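Visitor: Got a structure for you, written out below as structure tokens; questions coming shortly.
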Number of protein chains: 2
Amino acid sequence: MKLLEDMIKKYGEVRPGNVLKVDGFLNHRIDVGLVKALGEELYKHFRSDKITKILTIESSGIAIAIMTAQCFGVPMVFAKKRKTINLSDDIYTAPVHSYTNNKDYDVMVSKDYIDKSDVLLIVDDFLANGCALRGLIDIAHQAGATVAGAGIAIEKGFQGGGDTLRAEGLKVVSLAVIDKMTDDSLEFRKSE
Amino acid sequence: MKLLEDMIKKYGEVRPGNVLKVDGFLNHRIDVGLVKALGEELYKHFRSDKITKILTIESSGIAIAIMTAQCFGVPMVFAKKRKTINLSDDIYTAPVHSYTNNKDYDVMVSKDYIDKSDVLLIVDDFLANGCALRGLIDIAHQAGATVAGAGIAIEKGFQGGGDTLRAEGLKVVSLAVIDKMTDDSLEFRKSE
């Protein structure tokens, strides 16, 4: 998606440890026109899939996910990373390893909000190793829900998580795929 | 706002410790039509205030804030509760006490994303004691920005934080104000 690739080229910053910082428009300061366009683009790719809910993970997936939910006219559910007083004990939970922050955590979704009648589109801002996405898929499967696919803003293609999931049969749509990243240059995968 | 009050009455659950659980439509599973309507309503109240940015706090403020930002056509910035590898060291920070989870934490906003030219509308899902809101106001003041006011979905009026801030001169617009809450009943403040 040209708009997103242009924003990454213009405002993205490469940091040590394969980190791409997009805090200026996607992760901390959010460009509302961009996230709306991302939602509309994901809608085009999954409009025939009878999506009943958008599933994401706090925090930086939420803005894209709610904009996507707006296009589909369905609710959005975000998985929680921390147990709060409000969360019931009746939850689906899955372990996730974050390479960015080098720690393990559990993602949690209340059993009240996903069930076997659901067809889920999983939305997130980043896909790298695929750990967070696999955690959400795990939760969807625990609920007996169908996963129609994953809609991602930025895939770090060189980390391989997206292609492995595609090879396993998952429909993964990433709006910008970075196949090579150095301090000075970014190489985007050509759209099919 | 009648739609919000109706949703609270229908789906809200009162829990011990003055907790109102609205996970079914606002905090975990998000009703996209509702949060869009909340954003439109906040726009009506602040449309003349020359807002340049919406400021909120992760995670449950984000969905309402991005919908509000969409109405204003301005960016949204969300304060972070955790230091991630992506966050620079050049940040504004303010301490906040969470009564709900009974702990202290710092809220953080990168200095890159708020400055003295900004007129901020602070948006959040809940206002109770006003601690989180005061933390965000503190950050806005550190940046030299103007705070036009606060737009809140649900104010727990009986906890007093909103009225104290109003008495201090802040424009606080809460779309549902609960003045009394027991296990069996909720009493909403009449709109002015």
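The values are calculated or read from the model by the stated rules, or taken from the named source; none is laboratory data. Keep in mind that what you see is a predicted model, and the values were worked out from it rather than measured. Note that we place each Cβ from the backbone using ideal geometry, even for glycine, and neighbour counts take in every protein chain shown. The accessibility values were calculated without ligands, DNA or RNA, using every heavy atom of the protein model including side chains. Shrake-Rupley method; radii C 1.70, N 1.55, O 1.52, S 1.80 Å.
Visitor: If a residue must be more than 15 Å from A:GLY144 (Cβ to Cβ) and assigned to a strand (DSSP E or B), how many such residues does region A:92-109 contain? So that I can check it myself, show each step before the final result.
Guide: We begin by selecting, within region A:92-109, every residue more than 15 Å from A:GLY144 (Cβ to Cβ); these are A:93, A:95-108.
Checking which are assigned to a strand (DSSP E or B) leaves us with A:93, A:95-98, A:103-108.
Residues flagged as more than 15 Å from A:GLY144 (Cβ to Cβ) and assigned to a strand (DSSP E or B) within region A:92-109 amount to 11.
Visitor: Considering region B:23-53 alone, what residues qualify as being assigned to a helix (DSSP H, G or I) and among the basic types (Lys, Arg)?
Guide: Going residue by residue through region B:23-53, those that are assigned to a helix (DSSP H, G or I) are B:23-27, B:32-46.
Residues satisfying the conditions are B:LYS36, B:LYS44.
Visitor: Which residue out of B:GLY12, B:GLY33, B:GLY17 is at the interface with chain A (Cβ under 9 Å from one of its Cβ atoms), on the phi < 0 side of the Ramachandran plot and open to solvent by 10 Å² or more (accessible area, probe 1.4 Å)?
Guide: B:GLY33
Visitor: On the basis of being farther than 21 Å from A:ILE62 by Cβ, free of Cβ contacts under 8 Å to residues at least 24 places away in the same chain and not aromatic (Phe, Trp, Tyr), does B:ARG15 make the cut?
Guide: yes
Visitor: Further question: Among the residues of region B:127-142, count how many are small (Gly, Ala, Ser) and either modelled with pLDDT under 95 or open to solvent by 10 Å² or more (accessible area, probe 1.4 Å) (or both).
Guide: Initial filter on region B:127-142 (small (Gly, Ala, Ser)): B:128, B:130, B:132, B:135, B:140.
If we keep only those that are either modelled with pLDDT under 95 or open to solvent by 10 Å² or more (accessible area, probe 1.4 Å) (or both) as well, we get B:128, B:132.
Qualifying residue count, region B:127-142: 2.
Visitor: Also, I was wondering about something else. Identify, from the list B:ASP163, B:ASP124, the residue that is at pLDDT 95 or above and in a helix (DSSP H, G or I).
Guide: Exactly one residue qualifies, and that residue is B:ASP163.
Visitor: Restricting the search to region B:99-122, which residues are closer than 15 Å to B:LYS80 by Cβ and either open to solvent by 10 Å² or more (accessible area, probe 1.4 Å) or free of Cβ contacts under 8 Å to residues at least 12 places away in the same chain (or both)?
Guide: Residues satisfying the conditions are B:TYR105, B:ASP106, B:MET108, B:LYS111, B:ASP112, B:TYR113.
Visitor: Quickly run through region B:12-58 and pick out the residues that are in contact with a strand residue (DSSP E or B) (Cβ under 7 Å, 6 or more places away or on another chain) and polar (S, T, N, Q).
Guide: Passing the criteria: B:ASN18, B:ASN27, B:THR52, B:THR56.
Visitor: Return the residues of region A:36-78 that are among the polar types (S, T, N, Q) and either surrounded by fewer than 24 Cβ atoms within 10 Å (Cβ to Cβ) or at the interface with chain B (Cβ under 9 Å from one of its Cβ atoms) (or both); say none if nothing qualifies.
Guide: Across region A:36-78, the qualifying residues are A:SER48, A:THR52, A:SER59, A:SER60, A:GLN70.
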